Amino acid sequence: MTSILETPLDDTSVDVRLNPCDDVTSISTEIDASELAVSPSKTDKIATVLATTGDDTTVLSDGVSADQFKATDSSASSVVSIQEPHHWEEQSLMDSSSSNMAKSIIYFDIDSDLDIPLYTQRGPTVCKVSSAHLALASPVWRTMLYGNDAVKRSDVEDWVVSIEGDASALITLFCIIHYEFNKIPTTMSPDELHSIAVAINQYKCAHLVYPWVEMWVNRLPEYDTTKEYHRNSRKTVFIAWVLGDISLFRCSVEQIVLSSKLIDGQLVDADGKSLSDMKDIHKDLSGWIRTARFEIISQMLDALKEPFKRPTSADGSCEPPFCKLGSQQKECETMMLGSIILQLVAAKLFPAPEAHEFTDSIETLQSKIKAIKYTPYEGRDWMPHLSHVGCSLGYSEAAEESVANMRIPLDHGFMSGFFTRARVSGVKKSLEFDECFHEMYAM
C-alpha cells in the first residue's frame with residue numbers, strides 16, 4: 001500500500017497517510033535539514049555512507065506536497081517513508097542556499113529493511129529495498145545477505161550492504177524485483193542493455209528480464225555508420241552471450257571478424273582495443289575470431305594471385321578464361337592484368353602478401369579490392385556487341401564470396417550453453433531458436 005508514515009518524535013507530530021486508491025504521481029520534495037530531525041537509528045548509516053553533514057536530502061515521494069511533511073507544528077520532526085515515483089530515475093535537487101547537490105533516497109518498499117548505497121550521474125543515492133525480495137531474486141544476493149560472510153543486521157542501526165554494478169542497471173532490476181513494472185523502460189541503448197547484461201550475469205538473475213528481453217533486443221537501434229556499428233559489436237556480443245541470443249551473437253561476432261586487425265601480432269578491434277579480454281565469454285573466442293579472419297584473408301589474397309600464376313591455354317589465354325566474350329581472350333586478359341598492376345602496387349597488394357603478413361582488417365582489404373578498375377580491351381576488329389567492358393579478373397566477386405561464406409569454428413559445448421541461457425532469459429521461445437542453433441553450429 002502506498003503510504004507516508006511519520007514516526008512522531010514528540011507530542012506535536014501527527015500521522016499522515018495516503019489513501020491506497022488515490023492517483024499517485026511522481027513528485028520530488030526537498031526538505032530543509034532544519035525541519036527534518038531524523039532518528040539516529042534510521043539514518044546514521046546513510047549519513048556515514050553519503051557524508052550528508054550540512055546537506056539537504058532529496059526524498060522521492062508519490063503524490064505528496066512539501067506542506068504534508070510538516071505536521072501541526074513547524075518544529076515537529078519526522079521520519080518519512082515513501083514509495084519511489086513512477087519513473088525510477090533519481091531526481092536530485094540543488095540546495096537553494098548553496099551549490100551542493102542534494103542527496104537522493106529511493107524507496108522501493110514501504111517496509112524496506114536494507115539500504116543499498118549507489119552513486120549515479122547526479123550524485124549519491126540510497127536505495128531502500130526489501131532484503132527478502134533481493135534474496136529471492138538472486139542466489140548471489142542471498143549469499144551476500146544471509147551467507148556466512150554476510151553483513152550482519154544490527155538492532156539499532158540500518159542494514160547497509162554495498163552492491164557493485166552500474167547504478168542505472170541495478171535500479172532497473174530493483175524495480176523488477178519490487179514489482180514496479182510500469183517503470184521498466186521499453187527501449188534500451190546498447191550501453192544500457194550491456195549494463196543490464198553485466199549485472200544479471202554477475203548476480204545470476206537473467207530470469208528477471210524474461211518479459212522484456214526480446215523487446216529490448218529487437219529494438220536495439222540501427223547504426224548510420226559502419227564505424228558506429230563496429231564500436232558496439234563487442235557490447236552486443238556480450239549481451240547476446242548472456243541472454244542466449246544466437247542470431248545477435250553471430251551478427252556481432254561477424255562484424256568483429258570483419259573489422260579486427262593485428263597490431264604487433266595482437267588481435268584488436270576497430271578501435272585498437274585488444275580482443276583478449278573476451279575470455280570472460282569463452283577462453284577460445286578471440287582464437288576463433290583470429291581463425292575466421294585468417295581464412296577469409298587467405299581466400300582474398302589467393303584470388304589476387306590467381307591470374308598471375310594460372311597456366312595458359314594453347315592460344316595464351318587463361319583456362320577457364322577471365323574474358324567473358326570468348327573472342328580475343330589473350331589480348332583482353334593481358335590488358336586487364338597490365339592495367340591493375342600499378343593499382344595493386346599503390347595498395348601494397350603487389351606482390352600479394354601472405355595471409356599472416358596482412359595486418360589490416362578484412363573490410364580494408366575488401367575496400368581496396370573493390371577500388372581496382374580494369375581498362376577494357378578495344379581491338380581493331382572491336383564491335384559494339386563485343387565490348388570487353390564486362391570482363392574482369394573476378395577479384396570483387398571472390399572477396400564478396402569469401403565474406404558471405406564466413407565460418408566461425410565455435411565449440412559445440414559453447415553453442416549448447418546458448419540453449420540454456422535462452423530458456424532462462426526468454427530471448428527465444430519458439431522454433432526460431434532451434435533453427436538458428438542448428439544453422440549456427442552447422443557453420
For residues in the range 213-226 being surrounded by fewer than 19 Cβ atoms within 10 Å (Cβ to Cβ) and within 29 Å of ARG142 (Cα to Cα), which is modelled with the highest pLDDT? MET215
Restricting attention to the range 236-262, which residues are under 15 Å from ARG293 (Cβ atoms), touching a Ser or Thr at 6+ places or on another chain (Cβ under 7 Å) and in contact (Cβ under 8 Å) with a residue 60 or more places away in the chain? LEU258, SER259, SER260, LYS261, LEU262
Check the range 132-154 and report whether any residue there is polar (S, T, N, Q) and closer than 26 Å to ARG423 by Cβ. yes
Filtering the range 355-393 down to residues that are surrounded by 11 or more Cβ atoms within 10 Å (Cβ to Cβ) and among the charged types (D, E, K, R), which residue is modelled with the lowest pLDDT? GLU378
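Count, please, the residues in the range 341-363 that happen to be aromatic (Phe, Trp, Tyr) and within 33 Å of the chain's Cα centre (by Cα). Let's see the steps before the verdict.
Quick first cut of the range 341-363, residues aromatic (Phe, Trp, Tyr) only: 350, 358.
When the remaining residues are screened for being within 33 Å of the chain's Cα centre (by Cα), the result is 358.
So the answer is 1.
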Consider LEU248 carefully, then state whether it is within 22 Å of GLU363 (Cβ to Cβ), of a type in the set (A, V, I, L, M) and in a helix (DSSP H, G or I). yes
What tally of residues in the range 141-175 results from selecting those that are small (Gly, Ala, Ser) and not in a helix (DSSP H, G or I)? 5
All-but-one check, GLN255 against (1) modelled with pLDDT of 90 or more; (2) more than 19 Å from HIS194 (Cβ to Cβ); (3) of a type outside the set (Phe, Trp, Tyr), failing number (2)
Which residues, taken from the range 409-440, are at pLDDT below 85 and hydroxyl-bearing (Ser, Thr, Tyr)? SER416, SER430
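The values are calculated or read from the model by the stated rules, or taken from the named source; none is laboratory data. If you're wondering where the values come from, they're calculated on a predicted model, not measured in any experiment. All Cβ positions, even for glycine, are placed from backbone atoms using ideal geometry, and neighbour counts span all protein chains on display.
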